[in-house]
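Have a look at the structure below before the remarks.
The values are calculated or read from the model by the stated rules, or taken from the named source; none is laboratory data. In this text, all values refer to a predicted model and were calculated from it rather than measured experimentally. All Cβ positions, glycine included, derive from the backbone under ideal geometry; neighbour counts span all protein chains shown. We work out accessible area using only protein heavy atoms, side chains counted, and drop any ligands, DNA or RNA first. Shrake-Rupley method; radii C 1.70, N 1.55, O 1.52, S 1.80 Å.
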Amino acid sequence: MLTIKHDFHIHTERSLCAYRDAFAKDYIEKAKKMGLKKIGFADHFWDSAYKCLDFLFYEIQNYEHLATIKEEIKNADKEGIEVYFGCEAEYSPEHGVAITEECAEKFDFIIVPNSHTHKTMPAEYAKPDYKAAHLEFMERAYYNILNSPVSGKILSMAHPFDAVCCPYDNNELKRMLTDDKMKYLFTATAEKGIAVEINIGSMKVYDEKTIEMAEEIRMFNIAKECGCKFVFGSDAHNVHNYDEYYIPKCEMMVKALSLKEDDILEFAR
Ligand SMILES: [Zn+2]
Ligand SMILES: [Zn+2]
């Protein structure tokens, strides 16, 4: 069976929503013990060159702030592991992705979600009466991210269609997403060479018995049919319990989707 040896979605204490002691050096130590060979830090980011949609959250999370991790990575013992400097850039209705091409080049990789709707979508679409508008917003966001000027730098679509902080069960939105719409978007994703992220953070609630019920299984199977490659990410915001769930839940997903080495994006292999 395929063993996942990478994680390209890790938050450190640089992200305001992460634990204050989520230090890069501790993740690196833990990842090595877990047998991981490649990890990528992806703290939340909004390029200060663009007008910010959520100033309170993103003002501090500019390039200078995120780049302080480079020194920490440099000083860590990286024997047996490759460590990458990335970011979880934000969707911008105006720019596609809220990062300039010049700034994107300073990162080893970027991941972008279409589903931070709690930050990027007009607030009224979050009301239960506006589910169709909520889903449509994510579909449009997905399309705009794929066609943004920085699409060549995007490693993966982070937690696709998994609306964050949704005031009702966000699985309802995933169920409303049609096979045809997914085929259209995932075919374009495969053509761009962008991976679909298997976000272990959102999969934590499932076990071997319940995983078949996960709405993501239908989504990932369609992505696979469309030729998409996958990248795994923990979306860890806390280093302490990281090793308790990451590898077991990766194994669960590999099994549920019958993934082979070839299904993983080459960069992450
Ligand atoms: Zn996210
Ligand atoms: Zn994240």
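Of the strands (runs of 3 or more DSSP E) lying entirely inside segment 1-97, those containing at least 2 residues that are more than 16 Å from ligand 1 (Cβ to nearest atom) and of a type in the set (Phe, Trp, Tyr) span 82-89.
Residue 78 fails exactly one of the following numbered conditions: (1) open to solvent by 10 Å² or more (accessible area, probe 1.4 Å); (2) out of contact with any helix residue (DSSP H, G or I) (no Cβ under 7 Å at 6 or more places or on another chain); (3) away from ligand 2 (no atom under 15 Å from the Cβ). What is the number of that condition? Of the numbered conditions (1) open to solvent by 10 Å² or more (accessible area, probe 1.4 Å); (2) out of contact with any helix residue (DSSP H, G or I) (no Cβ under 7 Å at 6 or more places or on another chain); (3) away from ligand 2 (no atom under 15 Å from the Cβ), the odd one out for residue 78 is (2). Scanning segment 227-257 for residues that are open to solvent by less than 40 Å² (accessible area, probe 1.4 Å), within 16 Å of ligand 1 (Cβ to nearest atom) and touching a Phe, Trp or Tyr at 6+ places or on another chain (Cβ under 9 Å) yields a count of 6. Among the residues of segment 38-58, at least one is among the small types (Gly, Ala, Ser), open to solvent by 30 Å² or more (accessible area, probe 1.4 Å) and over 18 Å from the mean Cα position of the chain (by Cα).
State yes or no: is residue 236 touching a helix residue (DSSP H, G or I) at 6+ places or on another chain (Cβ under 7 Å), within 16 Å of ligand 2 (Cβ to nearest atom) and either closer than 25 Å to residue 12 by Cα or in contact (Cβ under 8 Å) with a residue 60 or more places away in the chain (or both)? Here the answer is yes, as residue 236 does meet what is asked.
Count of segment 111-131 residues, restricted to those that are in a loop (DSSP other than H, G, I, E, B) and either within 16 Å of ligand 1 (Cβ to nearest atom) or within 22 Å of residue 234 (Cα to Cα) (or both), is 4. Of all residues in segment 193-221 being over 15 Å from residue 162 (Cα atoms) and of a type in the set (S, T, N, Q), which is most open to solvent (accessible area, probe 1.4 Å)? Checked segment 193-221; the qualifying residue most open to solvent (accessible area, probe 1.4 Å) is 221.
The number of residues in segment 175-191 that are within 18 Å of residue 233 (Cβ to Cβ) and of a type outside the set (A, V, I, L, M, F, W, C) comes to 1.
Scanning segment 157-171 turns up at least one residue that is in a helix (DSSP H, G or I) and either farther than 17 Å from residue 36 by Cα or more than 16 Å from ligand 1 (Cβ to nearest atom) (or both). Cβ-Cβ contacts under 7 Å between residues 6 or more apart (or on different chains), taken from a first residue in segment 158-184 that is open to solvent by 10 Å² or more (accessible area, probe 1.4 Å) to a second residue that is aliphatic (A, V, I, L, M) and within 16 Å of ligand 2 (Cβ to nearest atom), are listed as 170/163.
Look at segment 86-106: where a residue is in contact (Cβ under 8 Å) with a residue 24 or more places away in the chain, no partner that is among the basic types (Lys, Arg) and within 16 Å of ligand 2 (Cβ to nearest atom) sits 6+ places away or on another chain with Cβ atoms under 6 Å. The residues in segment 1-17 that are within 13 Å of ligand 2 (Cβ to nearest atom) and either open to solvent by 10 Å² or more (accessible area, probe 1.4 Å) or under 14 Å from residue 251 (Cβ atoms) (or both) can be counted, and the count is 4.
In segment 194-213, which residue that is assigned to a loop (DSSP other than H, G, I, E, B) and touching a residue at least 12 places away in the same chain (Cβ under 8 Å) is nearest to ligand 2 (Cβ to nearest atom)? Within segment 194-213, the match that is nearest to ligand 2 (Cβ to nearest atom) is 204. Quick one: what pairs do we get from segment 110-139, first residue within 19 Å of residue 154 (Cα to Cα) and within 16 Å of ligand 2 (Cβ to nearest atom), second among the basic types (Lys, Arg) and in a helix (DSSP H, G or I), C-beta under 9 Å, 6+ apart or different chains? Here the result reads 110/153; 114/140, each pair linking segment 110-139 to a residue that is among the basic types (Lys, Arg) and in a helix (DSSP H, G or I).
Can you name every residue in segment 132-147 that is in a helix (DSSP H, G or I) and surrounded by fewer than 17 Cβ atoms within 10 Å (Cβ to Cβ)? Correct list: 132, 133, 136, 140, 143. Name the residue that is nearest to residue 245 (Cα to Cα), counting only residues in segment 188-219 that are among the small types (Gly, Ala, Ser) and within 16 Å of ligand 1 (Cβ to nearest atom). Going through the qualifying residues, I end up with 201.
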